[in-house]
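The values are calculated or read from the model by the stated rules, or taken from the named source; none is laboratory data. Since this is a predicted model, take the numbers as computed values, not measurements. Here the Cβ is made from the backbone with ideal geometry for all residues, glycine too, and neighbour counts use every protein chain on show.
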Amino acid sequence: MRYSKLFSKTSKTVPHDADSANAKFLVQGGFIHQEAAGVYSYLPLGLKVLRNIEQIIREEIEEVGGQEVSMSVLHPKENWVRTDRWDSMDVLFKLRGAGEKDYALGPTHEEIVTPLVQDYVFSYKDLPTAVFQIQTKFRNEPRAKSGMLRGREFSMKDLYSFHASQEDLDRYYDEVKAAYFKIFERLGFDPASTVITYASGGAFSKYSHEYQVLSEVGEDHIYMCGKCRVAVNREILDDQNVCPECGNKDLTEKKGIEVGNIFKLGTKFSGAFNFQYTDESGKQQPVIMGCYGIGPSRIMGSLVELFSDKNGIMWPKSVAPYQVHLVSLGVDEKVIKESEKLYKDLKKAGISVLFDDRDERAGAKFADADLIGLPLRLVVSSRTLEKGGVEWKERNKSDAEEVVLGEAVKKVKKFYE
């Protein structure tokens, strides 16, 4: 992609309500455009990052048997009345349609997925089954804040599983629990800093589980067990200050960013819709459910919070919008010629490139490269060509090096192996 043709542009202006690194850098870098508090449009760079995040999630969820669907965003009121959540969920966006019919914009999809799956599951032979979607959700947050971390409109991967027994739900729950760690590692989070955290199960079960990434910029307070590396959310910490997994009392307070959560729903929703199956003896039994969420847009914001410096973003390789930021400096005919050739050679090798071909000063180009934060920057200039090379600079390193121009493509491919 030629930078001169890129739809979005960087900005030196800091958004007036930017209260976090992700709110600042994603807007300034031309990844997102704010429409209202907690509401953003994705620009070409941002959409590429979001799609990369979604694809990693999709691949791992399909590995544990999830089948992708796309459910309606508009929910009939009667579904929410059946589950007693029409009046009890305070973040529910409600609207009235033709014929004075009431609807909600989906903040979650238990009220839709339960009767949907009910139309296709009748017997124990149809169980277990699991469906998921990656879709925009809506929550009327009283105070949207922290950019992509707490919005009123956001992206969510929600997986729902259906089982014939509690034992089978427990088995699958553990399978998804492990898959989530794979997802977060592939997304670029440090496995040593990704902690499963006990949280309140609400009306569903004693506990649910959150996935927290340890960070001083996190808004959640959790208490880490010194023995088994799990944590407890402050909101469910009892007077005993005991780890619910091993009973250890050596808990240390940490700050974290929540990047996912999973719940054992039991029969809360299947019961509301009288969703039953016929067992092997011909008797009707309640379907047992589980729910598993990850917010790709929240992941996007979390990555910026964790991987940025004063100059901008430092995207992990797996989610960056392009693999290489190629910068051409000067108007020298040889520089232009060699830059164009390297751009074409990189693309021919299957490497995605953002090519800064603008007639702009070097300082501005370098500042934009740091702000956008691609993992690797290559610079072609009269100085580098005098040595027969190109400048190689990794975004998360302070020093640059010279590499032979003719070996640059090969070296980039190895960098991404």
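Residues that are among the aliphatic types (A, V, I, L, M), closer than 30 Å to F204 by Cα and assigned to a loop (DSSP other than H, G, I, E, B): does the range 8-28 have at least one?
Within the range 8-28, not a single residue is among the aliphatic types (A, V, I, L, M), closer than 30 Å to F204 by Cα and assigned to a loop (DSSP other than H, G, I, E, B).
For the range 103-123, which positions are touching a strand residue (DSSP E or B) at 6+ places or on another chain (Cβ under 7 Å) and surrounded by fewer than 16 Cβ atoms within 10 Å (Cβ to Cβ)?
Listed by number, the residues that qualify are F122, S123.
Is it true that G46 is in contact with a Lys or Arg (Cβ under 6 Å, 6 or more places away or on another chain), of a type outside the set (S, T, Y) and closer than 21 Å to V319 by Cβ?
When the stated conditions are applied, G46 does not pass them.
Looking at E216, is it out of contact with any Phe, Trp or Tyr (no Cβ under 7 Å at 6 or more places or on another chain), surrounded by fewer than 21 Cβ atoms within 10 Å (Cβ to Cβ), of a type outside the set (K, R) and free of Cβ contacts under 8 Å to residues at least 60 places away in the same chain?
yes
Which ones in the range 35-94 are in contact with a His (Cβ under 9 Å, 6 or more places away or on another chain) and within 22 Å of P321 (Cα to Cα)?
Y40, S41, Y42, L43, G46
What about P286, is it at pLDDT below 95 and under 21 Å from D170 (Cα atoms)?
no
Out of the helices (runs of 4 or more DSSP H) lying entirely within the range 293-409, which hold 1 or more residues that are more than 30 Å from D220 (Cβ to Cβ)?
333-348, 362-372, 382-386
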